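Report on the following structure.
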Amino acid sequence: MLSRAREALALTAEGFEAARAVAAGRRGRLSVGYMFVLAHAVLPRLVPELRRSLPKVDLEFIELSASTREARLLDHSVTVALCMPAIRHSEIEVSTIGKQRLMLAMPAGSQLARSAAVPVRKLQGRPLISLPGPAEDPATSVVTSLLRRHQVSMPVANRVETAHSALSLVLAGEGMAILPACSRLGCPTGVVFRPFLDADDAIDVAVCWRRDALNPLVRNFLKCAEKVIRQV
């Protein structure tokens, strides 16, 4: 009986320790959503950091798009999302952890590609492969603000949800795209990026989660993401 009592006490102690680990955000399950535009720049650094910092946490990674990211958070499909730009919704909490400067993506054979930096006015009348998608409010788009401030009009040739799609259409000669600098990683041969000569507009990188989320892993994820984004 004494032996069994000791076993029971040991199991109880393990249970309490497991509960404390979960409450402290050291154990559990974390579903991480990420937007494709951030994949090449962030995931190769973020995933190892999460594995090192949270070795007993089960991690799942889910790709998000402009049209799915909000819904996936709200319906609990993902616990936390790495977004660019941030999600604006009354039920979603946002922490801005970095910025990415906007650059011009164009075919390598374009005349503008000969310049080290491109004046915004040179974009007047040129076809634009547009991000974000039409579901986003155009008034909140940093690209729209950039063009409006310089009094430049670019007809929208196509609207897409991912930088990957935008770059494919740029390569196909359908237009130019104004994208965050991290989009250069994984860029197809035949497309080049140039900074703007007279603008340094940037787009926010944010961690987003439900305001009513009680998962303690969120704060530990946020610490890891903040550490990693400084290296991008």
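The values are calculated or read from the model by the stated rules, or taken from the named source; none is laboratory data. Keep in mind that this is a model prediction, so the values were computed, not measured. Cβ sites come from the backbone with ideal geometry, for glycine too, and all protein chains shown count toward neighbours. Accessible surface areas use protein heavy atoms only, side chains included; no ligands, DNA or RNA. Shrake-Rupley method; radii C 1.70, N 1.55, O 1.52, S 1.80 Å.
Cβ separations smaller than 8 Å between residues 6+ apart or across chains give the following pairs from region 39-64 residues that are under 19 Å from Arg184 (Cα atoms) to residues that are among the acidic types (Asp, Glu): Ala39/Glu63.
Inspect region 186-200 for any residue being farther than 18 Å from Gln100 by Cα, of a type in the set (Val, Ile, Thr) and in a loop (DSSP other than H, G, I, E, B) and give the result as yes or no. Yes, region 186-200 contains a residue that is farther than 18 Å from Gln100 by Cα, of a type in the set (Val, Ile, Thr) and in a loop (DSSP other than H, G, I, E, B). Selection within region 44-72: residues that are hydrophobic (A, V, I, L, M, F, W, C), at pLDDT 95 or above and touching a Leu at 6+ places or on another chain (Cβ under 9 Å). The member of this set that is most open to solvent (accessible area, probe 1.4 Å) is Phe61. When the residues of region 27-73 are filtered to those that are assigned to a helix (DSSP H, G or I) and acidic (Asp, Glu), the one that is nearest to Leu217 (Cα to Cα) is Glu49. From the list Ala166, Ala225, Ala213, Ala202, the lone residue that is among the aliphatic types (A, V, I, L, M) and in contact with a helix residue (DSSP H, G or I) (Cβ under 7 Å, 6 or more places away or on another chain) is Ala225. Summed over region 198-225, residues that are loosely packed, with under 14 Cβ neighbours inside 10 Å and in contact with a strand residue (DSSP E or B) (Cβ under 8 Å, 6 or more places away or on another chain) total 2.
Once region 84-102 is narrowed to residues that are assigned to a strand (DSSP E or B) and basic (Lys, Arg), the residue that is least open to solvent (accessible area, probe 1.4 Å) is Arg101. Within region 146-165, identify whether any single residue is under 30 Å from His76 (Cα atoms), in a loop (DSSP other than H, G, I, E, B), touching a residue at least 60 places away in the same chain (Cβ under 8 Å) and not polar (S, T, N, Q), and answer yes or no. Yes, region 146-165 has at least one match. When Gly173 is tested against (1) in contact with a helix residue (DSSP H, G or I) (Cβ under 9 Å, 6 or more places away or on another chain); (2) within 10 Å of Met106 (Cα to Cα); (3) not aliphatic (A, V, I, L, M), exactly one condition is not met: (1). The criterion of being open to solvent by less than 40 Å² (accessible area, probe 1.4 Å), closer than 16 Å to Asp204 by Cα, among the small types (Gly, Ala, Ser) and touching a residue at least 24 places away in the same chain (Cβ under 8 Å) does not hold for Ala105. One residue alone among Pro180, Pro119, Pro188 is surrounded by fewer than 17 Cβ atoms within 10 Å (Cβ to Cβ) and either under 30 Å from Gln231 (Cβ atoms) or within 21 Å of the chain's Cα centre (by Cα) (or both), and that residue is Pro188.
It is to be established whether one or more residues within region 90-104 are over 18 Å from the mean Cα position of the chain (by Cα), acidic (Asp, Glu) and over 20 Å from Leu64 (Cβ atoms). No; the residues of region 90-104 include none that is over 18 Å from the mean Cα position of the chain (by Cα), acidic (Asp, Glu) and over 20 Å from Leu64 (Cβ atoms). Among the conditions (1) closer than 17 Å to Ala213 by Cβ; (2) surrounded by fewer than 16 Cβ atoms within 10 Å (Cβ to Cβ); (3) at pLDDT 95 or above, the only one that His76 does not satisfy is (3). For region 126-143, residues that are modelled with pLDDT of 95 or more and open to solvent by 50 Å² or more (accessible area, probe 1.4 Å) total 2.
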